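Structure first, then comments.
The values are calculated or read from the model by the stated rules, or taken from the named source; none is laboratory data. This one's a predicted model, so the numbers in the text were calculated from it and none came from an experiment. Don't worry about glycine lacking a Cβ; one is built from the backbone with ideal geometry, like all the others, and counts go over all protein chains shown.
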Amino acid sequence: MYFLWRAPFVIRSWPILFAAFLSCAQPTTSQNDFLITGRSIGRITLGQTQEAAIRAYPEHEIKHIDLMLEGMPAPALQIYQGRNLLLTAEIYNGSIFRISTRVREFKTKEGIGVGSTFGAAKHQYGAPKYLGQGEGEYGAVFEFDSGLLNMALDFAGDVLRNYPKESDKIIAVIVAQVPK
């Protein structure tokens, strides 16, 4: 005991320092971190302020970008986990109005997301409200009470003559506010 008391402070207090190090572990993820609803994808919600969206992902890299949609400025946040893009949150008047992802981990409570089939989405949510070409991709739009869920499909065919097959895969999910 005499030896320990005469040892430098760092040596005497290593158990306390080690416990403090362990308590600073990375935040844990919950199921809701990868949940898609009619109003949200992960921790980002429609109508959320840009600042709140940034605070929702403190441990991630966030880039402020301009999507330049249809030749017009379109500010957005891109949220990265390491080098992988998780989400894109588009901003209008300081608030999130559209959220998109191409990451398979994000799913609805029914298990529908990127990698699911069009048939599985149709089975869960009924016939889409809209089906067709939009912003460079073919998609199916399902209406929820709280927003629109747009699922871009990996559709190879003539959109004027062919209907997407039940087996066509979802390649992106977009949540947007219902226009008023």
Problem set entry | Ala127 vs. criteria crowded, with 18+ Cβ neighbours inside 10 Å and of a type in the set (Gly, Ala, Ser) | no
Exercise. Quick one: which of Phe106, Phe118 is farther than 20 Å from Gln177 by Cα and surrounded by 18 or more Cβ atoms within 10 Å (Cβ to Cβ)?
Worked result: Phe118
Exercise. Of all residues in the range 135-145, how many are farther than 16 Å from Thr101 by Cα and modelled with pLDDT under 75?
Worked result: 1
Exercise. Here are Gly139, Gly113: which of them is surrounded by 14 or more Cβ atoms within 10 Å (Cβ to Cβ), small (Gly, Ala, Ser) and within 15 Å of the chain's Cα centre (by Cα)?
Worked result: Gly113
Exercise. Which one is surrounded by the most Cβ atoms within 10 Å (Cβ to Cβ), of the residues in the range 23-37 that are modelled with pLDDT under 85 and within 17 Å of Lys109 (Cβ to Cβ)?
Worked result: Thr29
Seminar exercise, completed: Apart from one, (1) within 23 Å of the chain's Cα centre (by Cα); (2) of a type outside the set (Asp, Glu); (3) at pLDDT below 95; (4) under 30 Å from Glu143 (Cβ atoms) all hold for Tyr57; the odd one out is (3)
For this session: Quick one: Arg104 ticks every box in (1) in a strand (DSSP E or B); (2) in contact with a strand residue (DSSP E or B) (Cβ under 7 Å, 6 or more places away or on another chain) except a single one, so which number is it?
Result: (1)
Problem set entry | the range 107-128, residues that are in contact (Cβ under 8 Å) with a residue 60 or more places away in the chain and in a loop (DSSP other than H, G, I, E, B) | Thr108, Lys109, Ile112
Seminar exercise, completed: Matching residues in the range 38-60 (buried (at least 18 other Cβ atoms within 10 Å of the Cβ) and touching a residue at least 60 places away in the same chain (Cβ under 8 Å)) number 6
